[in-house]
Amino acid sequence: MSIDILLAEDDPADVCLMREALAQSQLPTHLNVVRDGVELLEYLRQEGEHATARRPGIILLDLNMPRKSGAEALAEIKRDPALRSIPVIVLTTSNSRDDVSRSYELCANCFVTKPADLHLFFDLVRLIERFWLEAATLP
């Protein structure tokens with residue numbers, strides 16, 4: 001059975017890297033991508049072009065996105081009883097203490113800073129997979 005991962009990321013290069021990293025995985029995953037916080041919420045609420053979207057097992061969320069930031073979207077997800085049980089991993093280039101604190105205040109399940117090095121990024125994705133997709137039990 002495949003695990004649906006929803007990536008909220010506006011940088012096409014980071015989307016490509018994530019696709020490549022997950023393609024090397026031994027786990028069956030299906031990656032869906034949204035480009036901003038507005039589209040993320042439409043996807044989760046199955047609105048508009050996302051009317052047939054499947055509920056993701058996990059969300060990888062960038063903080064710095066257009067239209068609605070990752071933090072704003074995270075706040076809405078965690079306020080919504082129908083969505084709040086979906087694990088949200090903040091995966092961002094920021095290592096700001098304020099961003100870390102704010103993300104956890106908004107009930108992020110995890111905060112991870114994207115490494116700039118390609119090999120370290122792939123290692124990070126494998127760590128996320130091992131914990132969140134192998135060790136942890138998802139709702």
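The values are calculated or read from the model by the stated rules, or taken from the named source; none is laboratory data. On a predicted model such as this, the values are computed, not experimentally measured, just so you know. Backbone-built Cβ (ideal geometry, glycine too); neighbour counts: all protein chains shown. Remember, those area values only see protein heavy atoms, side chains included, never the ligands or the DNA or RNA. Shrake-Rupley method; radii C 1.70, N 1.55, O 1.52, S 1.80 Å.
Summary of values
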read-out: Residue list for segment 14-57, restricted to those being within 14 Å of the chain's Cα centre (by Cα) and of a type in the set (D, E); value: D14, D36, E39
read-out: Which numbered condition L120 misses (of (1) among the aliphatic types (A, V, I, L, M); (2) touching a Gly at 6+ places or on another chain (Cβ under 6 Å); (3) open to solvent by 90 Å² or more (accessible area, probe 1.4 Å)); value: (2)
read-out: The listed residue being within 21 Å of P139 (Cα to Cα) and assigned to a loop (DSSP other than H, G, I, E, B), out of L40, L27, L7; value: L27
read-out: Options V112, V88: the member that is free of Cβ contacts under 8 Å to residues at least 24 places away in the same chain, in contact with a Leu (Cβ under 8 Å, 6 or more places away or on another chain) and surrounded by 15 or more Cβ atoms within 10 Å (Cβ to Cβ); value: V112
read-out: Of the criteria (1) free of Cβ contacts under 8 Å to residues at least 40 places away in the same chain; (2) out of contact with any Asp or Glu (no Cβ under 6 Å at 6 or more places or on another chain); (3) surrounded by 17 or more Cβ atoms within 10 Å (Cβ to Cβ); (4) farther than 23 Å from F122 by Cβ, which one H50 fails; value: (2)
read-out: Residue list for segment 87-96, restricted to those being within 10 Å of A108 (Cα to Cα) and either in a loop (DSSP other than H, G, I, E, B) or out of contact with any Phe, Trp or Tyr (no Cβ under 6 Å at 6 or more places or on another chain) (or both); value: P87, V88, I89
read-out: Lone unmet requirement of (1) surrounded by 13 or more Cβ atoms within 10 Å (Cβ to Cβ); (2) at pLDDT 95 or above for R79; value: (1)
read-out: Which listed residue, of R126, R130, R67, is open to solvent by 70 Å² or more (accessible area, probe 1.4 Å), modelled with pLDDT under 95, charged (D, E, K, R) and within 15 Å of E9 (Cα to Cα); value: R67
read-out: Identity of the residue in segment 97-107, of a type outside the set (G, A, S) and not in a loop (DSSP other than H, G, I, E, B), that ends up surrounded by the most Cβ atoms within 10 Å (Cβ to Cβ); value: D99
read-out: Segment 36-64, residues that are β-branched (V, I, T) and closer than 21 Å to A13 by Cβ; value: I59
read-out: Enumeration of residues in segment 108-122 that are in contact with a helix residue (DSSP H, G or I) (Cβ under 8 Å, 6 or more places away or on another chain) and part of a loop (DSSP other than H, G, I, E, B); value: A108, K114, P115
